[in-house]
1. Based only on other Cβ atoms within 10 Å, what is the fewest-to-most ordering of Asp197, Asp91?
2. So which GluC sites (Glu not before Pro) in segment 131-219 end up in coil per DSSP with only 11 or fewer other C-beta atoms within 10 Å?
3. Using alpha carbon centroids, what distance separates segment 1-52 and segment 125-204, in Å?
4. For the chain, calculate the relative contact order in percent as a whole number, restricting contacts to Cα pairs under 8 Å that are 6 or more residues apart.
5. Using 0.36 nm per residue of separation minus the Cα-Cα distance, give me the extension gain between Lys154 and His48 in nm, one decimal.
6. Given 0.36 nm per residue, what is the gain on full extension from Glu196 to Asp117 after removing their alpha carbon distance, in nm?
7. What is the distance, in nm, between label points placed 7 Å from the Cα along the Cα-to-Cβ direction at Phe25 and at Glu189?
8. What list of ³J(HN,Hα) couplings, whole Hz, do you get for segment 62-71 from phi and the Karplus terms 6.51, -1.76, 1.60, once you set θ to phi - 60° and write x for glycine and proline?
Amino acid sequence: METGAISVVHPQDHIFRFLIENPVFSSLDKAVKYYFQDGQQSARMLGHLLFTEMELARSPETTLLEFASGYGCVTRHLAGALSPVNIVACDIHGAACDFIERTLATNAILSSARPEDLAIESGSYDAVFALSFFSHMPESTWSRWLVCLFDKVKPGGYLIFTTQGLQSRKHFGNPVIPENGIWHIPSSEQKDLDAEDYGNTIATTEFVRTAVDRHLHQPITMLKEAHWWGHQDLYVLRKPDPAFMNKGHARDAGCE
C-alpha cells in the first residue's frame, strides 16, 4: 500500500469488513484505501499527542499499550509513526493477537471479557491508548474498564482514549441521551461479541468527568471534543508520580 505499511489484512478484520460493505464508498478500492489511510492518520495523531503534547521520550524505553487493537488497522502503522517506542497490542480476539504478532511483527497480549481479569501488571506502560473502545462499553463495565486501564499506566504516564460524544448522535438518529449522560444500544460491527457487552455507546463529557472524578479522584488532563473522525471526543489522563511530587516537596522545603 502507498502508506508503506504491511498490506496483508486478516479475513476476520471487522473494521475492514465494515468498510468494504459500507455503501458510502463507491468502489472497493476506495474502501480499502480509506482503511489504510485512516489507520495511518490515527497513528500520526497518536504520535503528535505522545511526543509533542505529552512530551514523552521518543526512545525504546518508552512503552505503549494499544488496547482493543482489533486486527491491526492502526497497529500496522504504529512502528512507522512511533519508532523506536516499545509497542504492545492487546485485543479480545486470540486470532487478532496471533495475526499482529506473526504478520505485523508486534507483540500482543490477549485481553479479557471482564476488566478484573486482564492479565497485565499494574503500572506497566508509559501510555495506554484505547481508540474508540469506550464507544462500545455499556454503563455496567464503562467505569470498571476506566479504572482497569488507568491502573496499567506507570506513574507519570498517560491514559489516552476516545468516546462517542454528543457530535456522534447524528450517526444514530440523534437519540435523546439519558440524564446520567450515557446512551447504549446492543448493536455493533463486531458480530462475534455479545452486543449487550459490546454495542454502541454515547457518553457526554459530564458523564466522563464524573466517572474520572468518582473512580480515579483526579482531573482530566486534556479534553478535545469531536477531535477524532470529527465526532469522537479525546480524553487524556495523567497518572500522578509520587516520586516526582515528593522530590518537589523536598526541594520546596530546602532538603536538596
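1. So the residues, fewest neighbours to most, are Asp197, Asp91.
2. Glu179, Glu196
3. When both Cα centres are located, 21 Å separates them.
4. Across the chain, relative contact order equals 14 percent.
5. Extending this stretch completely gives an extra 36.2 nm.
6. Full extension of this stretch gives 26.6 nm more.
7. 0.9
8. With the stated coefficients, segment 62-71 comes to 7, 10, 10, 9, 8, 8, 6, 6, x, 9 Hz.
All of the numbers you see were taken from the coordinates with simple rules; none came from a lab. Keep in mind that this is a model prediction, so the values were computed, not measured. Ideal geometry is used to build each Cβ from the backbone, glycine not excepted, and the neighbour counts take in all protein chains shown.
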